[in-house]
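Down below is the structure, laid out as structure tokens.
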Amino acid sequence: MAGFRGAQIADATVTETQLATSVAGGALGGGAGTPLFVDKLQGAWTQVAGKAVNAANFLDVDTEIDAAATTDTARTDFTTDEGVFVDASGAYGVGGGSLPANGVQVTKYGNPGMIVIRDNSTKDPLYDAGNVIYGVLFWNTDDSKFYIKFFKDVAGVQTAHTMAGTETIDWQFAEIFSFANLPSSAFVGVPGNFVDLVTGDITGVTAGNGISGGGTSGTVSVAVNPADLITAGSAEIDGDKLDIDWSPTYYTPSTSPAEADNVDNLTAHLYGIDQELNTISSANATLVNADQADNPTGNSSGSDDFDTGVTIANTPKGMVYVFVNGHKYEVGDNDSNKDCYFSSDGTEPNKRAISAIAANDHLMWNPTIAGFDIATTDDVDIVYET
């Protein structure tokens, strides 16, 4: 409501003749018998509801803009004339197949002129992995159509987005008006310092375990409490979320636990260690030391697949380890291309898988792989469980 102070115009003192000769002043249009209006360009949002998107990263919206816009001329700035603001105008192929890879003016979420997108049902923003999905509007001179291309900002970098499946959206585009043509349905932008803005329905922030701070009003902050991360602290670190970029030698990380969705997860490593410990230290297993200080019955003399004459005394349970003169050598698992392997009859064709090794199987030697010939003077130890 506005009030006048000081001298006022008396009733009936302005005549039709005087109004007919009125002149529009600065920033005004009309006059001379026509209504006066503010003759300045104004950007406003025009809304379109219920547009279906089917697994696409861009959308033909020419029909919707033609129907909704007061003036459907494409404009690349807010100062030249009335029309629809587009990020860029160019020859992008009939059907829009060659739209720009990124926005030209709208280079991130929040830039003036971006296309605001909402879910048609909930009216909430659309997200992908926590990143807001928004649109950039282009004018394609190849087929004289408006197209929206979808984007999200991933780690601050504008990235093209493809909608997953079918999504029905509401969206708003920036339209440029003079006040004379401003449609009644438009949302006119108002500087934020003149209004109270409601930016969400969060009424408070509560600090959980390991976090301090929070509050229900004003500027709220939270911080990690270091005391909760030391011994006897209340904070827990989820092992399913910690990754270890390391390939172990003596166990295999496993995604068998439901919590481990990646072999790098700490849970996968711990499960692999647990399984290996179970193999080598089963409660019912007895470590056998009887197969010690056996000597080969001959010299390999550079020949691979050499039968050492050393045999395993018992059928093992689990892994089998071979030591020559105190050094451990790799045993082939149905594989004769390792340092050594076991054979049922002392020949390469009848090599054994480790799980199939049985009592009296022969130890075979590959000097070209192990790095030396085995001889009758070498001490061979076979360690395993039964």
Could you please find all residues in the stretch 241-275 being free of Cβ contacts under 8 Å to residues at least 12 places away in the same chain, hydroxyl-bearing (Ser, Thr, Tyr) and part of a helix (DSSP H, G or I)?
none
Is the stretch 245-252 home to any residue that is under 30 Å from Gly318 (Cβ atoms), touching a helix residue (DSSP H, G or I) at 6+ places or on another chain (Cβ under 6 Å) and modelled with pLDDT of 80 or more?
yes
Count, please, the residues in the stretch 328-359 that happen to be in a loop (DSSP other than H, G, I, E, B), farther than 22 Å from Thr279 by Cα and among the polar types (S, T, N, Q).
4
Mind listing whichever residues of the stretch 74-84 are loosely packed, with under 13 Cβ neighbours inside 10 Å and not acidic (Asp, Glu)?
Thr79, Thr80
State whether the residues of the stretch 196-205 include one that is at pLDDT below 65, over 30 Å from Lys328 (Cβ atoms), outside any strand (DSSP E or B) and touching a Lys or Arg at 6+ places or on another chain (Cβ under 9 Å).
no
When you look at Phe146, is it in the same structural domain as Gln172 (by TED's automatic domain parsing) and assigned to a strand (DSSP E or B), yes or no?
yes
Single unsatisfied condition, Ala69 versus (1) surrounded by fewer than 20 Cβ atoms within 10 Å (Cβ to Cβ); (2) over 16 Å from Asp153 (Cβ atoms); (3) of a type in the set (Gly, Ala, Ser)
(1)
Which condition does Asn131 not pass, out of (1) closer than 25 Å to Asp77 by Cβ; (2) at pLDDT 90 or above, if it passes all the others?
(1)
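The values are calculated or read from the model by the stated rules, or taken from the named source; none is laboratory data. Given the structure is predicted, the values throughout are model-derived calculations rather than measurements. Note: ideal-geometry Cβ built from the backbone for every residue, glycine included; neighbour counts use all protein chains shown.
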